[in-house]
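Everything below concerns the one structure shown next.
Each value in this text was obtained by applying a stated rule to the coordinates, not by laboratory testing. In this text the structure is predicted, and so the values were computed from the model without any measurement. No Cβ is skipped: glycine too gets one built from the backbone with ideal geometry, and neighbour counts run over all protein chains shown.
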There are 2 protein chains.
Amino acid sequence: MVARYERIADELRDDILTGVHPIGSQLPTEAELAARYRAARGTVRQAVAVLVAEGLVGSRQGARRIVLGKARSQSFAELHSFAQWARANGYRYGGQVIAQKRRVAGPAEAARLGTDEVLDVLRLRTLEGEPVLVERTVYAGWVAAAVEGLAPGCESVTEALYDSIGLVFAYGEHLIDAVSAGVLDARLLGVRRGSPLLRQRRITTTHEGRPVEWSDDRYRAGSVVFSIRNSIDANPLVRQAGDLRFGA
Amino acid sequence: MVARYERIADELRDDILTGVHPIGSQLPTEAELAARYRAARGTVRQAVAVLVAEGLVGSRQGARRIVLGKARSQSFAELHSFAQWARANGYRYGGQVIAQKRRVAGPAEAARLGTDEVLDVLRLRTLEGEPVLVERTVYAGWVAAAVEGLAPGCESVTEALYDSIGLVFAYGEHLIDAVSAGVLDARLLGVRRGSPLLRQRRITTTHEGRPVEWSDDRYRAGSVVFSIRNSIDANPLVRQAGDLRFGA
DNA sequence: TAAGGGAACTTGTACAAACAAGCCAGCACA
DNA sequence: TGTGCTGGCTTGTTTGTACAAGTTCCCTTA
């Protein structure tokens, strides 16, 4: 059962995408929408708030709402799982485990993940046949067994963990910057040592806020771009100075 | 007059920051908060929704809300304006115009900015005395005169434009990736040619959705990190493949 | 001891009503 | 002609109510 406001939001998004409400045009007023969908004003407001949060619609007190853009927002899963992102966008993708071993957590890792033992995994991912991503992931001890049980060529770790032990990745924090390719990075990605890589470090937790994994993903320059929309009201992305909270 | 729900959100955020509600702990229920602040449940829900959107609090139906983290989200201005970001975080900063000239817009620029003539500005920004950012900005023709009227060493273009012509930067779209330093980048930033830079390209518009500027900002590796929180419900950041919508 | 079934609790959705605050166009006036 | 103000329109805030849906934990039962 999908909520009423979500169905209204979907219809409005569709109207924007198909040009019923072109970019730059005014959205109908809340009163109009409420009458059209036979819903209360509050419900319509909730629907429009979804589009505002997606950056598709601009809104300010007193003035009519304006259509800003058409870009679709993608799911949480697509940001966390390379495989789910690639599949949703119609790319051919693959991946394989290069190295994997259990070890004792360092002090920083123990603090981050809340466990003494961790599982270290190095993966290489390909997009359209080209190597594009080196993934260094450290899993908390309590999921180590489940991760070790996966096939080495497992395409989507996220999905496999959900299927095997019902694990849900619910929250994430991401740090994005640029680094030079090291010797190993360069060899795996087929680039020269020192060439630029886009780095995404992230920590992922369950619904309960329990850390599951800590990962350092490095994309070959030009292969992937991160995109974000913000407004004077909503600002999810944040800039930080270089001395990092997560260390090297 | 600040809204009630915003003040409640501020108090709750403060309680999280100061450890009254430690990370991992449960937030009081909506009923409790409503009683404490003598507000309706709806108002409390709005306040908590702010924290959820900031990624500080996790929320799902049926379960008590959980404190996820402490990071404060920063203002829209701080993402758009290097000066405002640096000042808010207590850094010493500076900047100067390297080159500036009017020219005819290319077809791509005309489509993006909606004007025939544009103003091209190249700036170098410093943080703590070190050059960290090369900024190539293309302004739409209708703001060109105002930008040209600024002092060459103007610290915050955003603020200066607001003061001079009341211009408000309201919405932005950002693309983040990694590139190699070109000859000019390298000389200005004091790094070797080919060394990695973190690139942020953005287009900014007014409240009405009218494009104001298009910018290509390149940060020296290690000087700045972008940070984002997301959840399975809210996902502002998006990943894109390398063939970019904004061209080279 | 372990599995299953609820009951109580908590968050999510929806409606209705009223007032506040900001925007804008059109009108009156200089 | 242009300027300033006002009134109507539109979005923002707040309260109250009712029910839906998911979670948690305890208690029963096998």
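What 222 nm value per residue comes from the helices of the protein assembly as shown, counting each DSSP H run with n ≥ 4 as -39,500 (n - 2.57) and dividing by all residues, nearest 500 deg cm²/dmol?
-9000 deg cm²/dmol
How large is Rg/Rh for chain B, to two decimals, with Cα atoms and a Kirkwood Rh?
Across chain B, the Cα-based Rg/Rh ratio is 1.03.
Counting only other chains, and only Cβ atoms inside 10 Å, what mean value do you get across the residues of B:81-89?
Rounded to a whole number, the mean comes out at 1.
Using θ = phi - 60° and the Karplus curve 6.51 cos²θ - 1.76 cosθ + 1.60, what whole-Hz ³J(HN,Hα) does each residue of region A:132-143 get, with Gly and Pro shown as x?
Working through the residues one at a time gives 10, 9, 9, 10, 10, 10, 10, 9, 5, x, 6, 10 Hz.
For peptide B:165-173, compute the average count of partner chain beta-carbon atoms within 10 Å of each residue's beta-carbon.
Whole-number average of other-chain Cβ neighbours for B:165-173 is 4.
If you take the Cα Rg of the protein assembly as shown and divide it by 2.2 N^0.38 Å, with N the number of residues, what do you get?
For the protein assembly as shown, the normalised Cα radius of gyration comes out at 1.00.
Any idea how far apart A:Arg36 and B:Glu117 come out in nm if each label point goes 7 Å out from Cα toward Cβ?
Placing both labels 7 Å along Cα→Cβ, they lie 4.0 nm apart.
As I understand it, the dipole of the protein assembly as shown uses +1 on the Cβ of Lys and Arg and -1 on the Cβ of Asp and Glu, about the Cα centre. Which of B:Gln100, A:Gln61, B:Val138 lies farthest toward its positive end?
Of the candidates, B:Gln100 comes out farthest on the positive side.
I'd like the distance separating the alpha-carbon centroids of region B:48-62 and region A:167-205, in whole Å.
After rounding, the separation between the Cα centres reads 28 Å.
So how do B:163-173, A:42-52 stack up, highest first, on mean other-Cβ count within 10 Å?
A:42-52, B:163-173
Where a Cα-Cα gap under 28 Å defines reach, which lysines qualify for B:Lys70, not counting those fewer than 8 residues away within the same chain?
B:Lys70 reaches no qualifying lysines.
So what J values fall out for region B:24-33 if you push phi through Karplus, 6.51 cos²θ - 1.76 cosθ + 1.60 with θ = phi - 60°, rounded to Hz, Gly and Pro as x?
Whole-Hz 3J(HN,Hα) from phi for region B:24-33: x, 7, 8, 6, x, 6, 4, 4, 4, 4.
For helix B:41-54, report the angle its Cα long axis makes with the longest principal axis of the Cα atoms of chain B; keep it between 0 and 90° and round to the nearest 10°.
Helix B:41-54 sits roughly 40 degrees off the main axis of chain B.
Which values of log₁₀ I(q)/I(0), to two decimal places, follow from the Debye formula for region A:96-179 at q = 0.23 Å⁻¹ with a uniform point scatterer at every Cα?
-1.33
Determine one quarter of the surface area of the Cα convex hull of region B:176-223, which equals its mean projected area, and express it in nm² to one decimal.
Averaging across all directions leaves 3.8 nm² for the Cα convex hull.
Once you wrap a convex hull around the alpha carbon atoms of region A:1-71, what is its projected area averaged over all directions, in nm²?
So the mean shadow area of the Cα hull is 4.5 nm².
For A:Ala151 and A:Thr18, compute 0.36 nm times the residue count separating them, minus their Cα-Cα distance, and round to one decimal in nm.
Net length gain for the segment: 43.7 nm.
Just checking the output field for B:174-184: average partner chain Cβ neighbours within 10 Å of each residue's Cβ?
6
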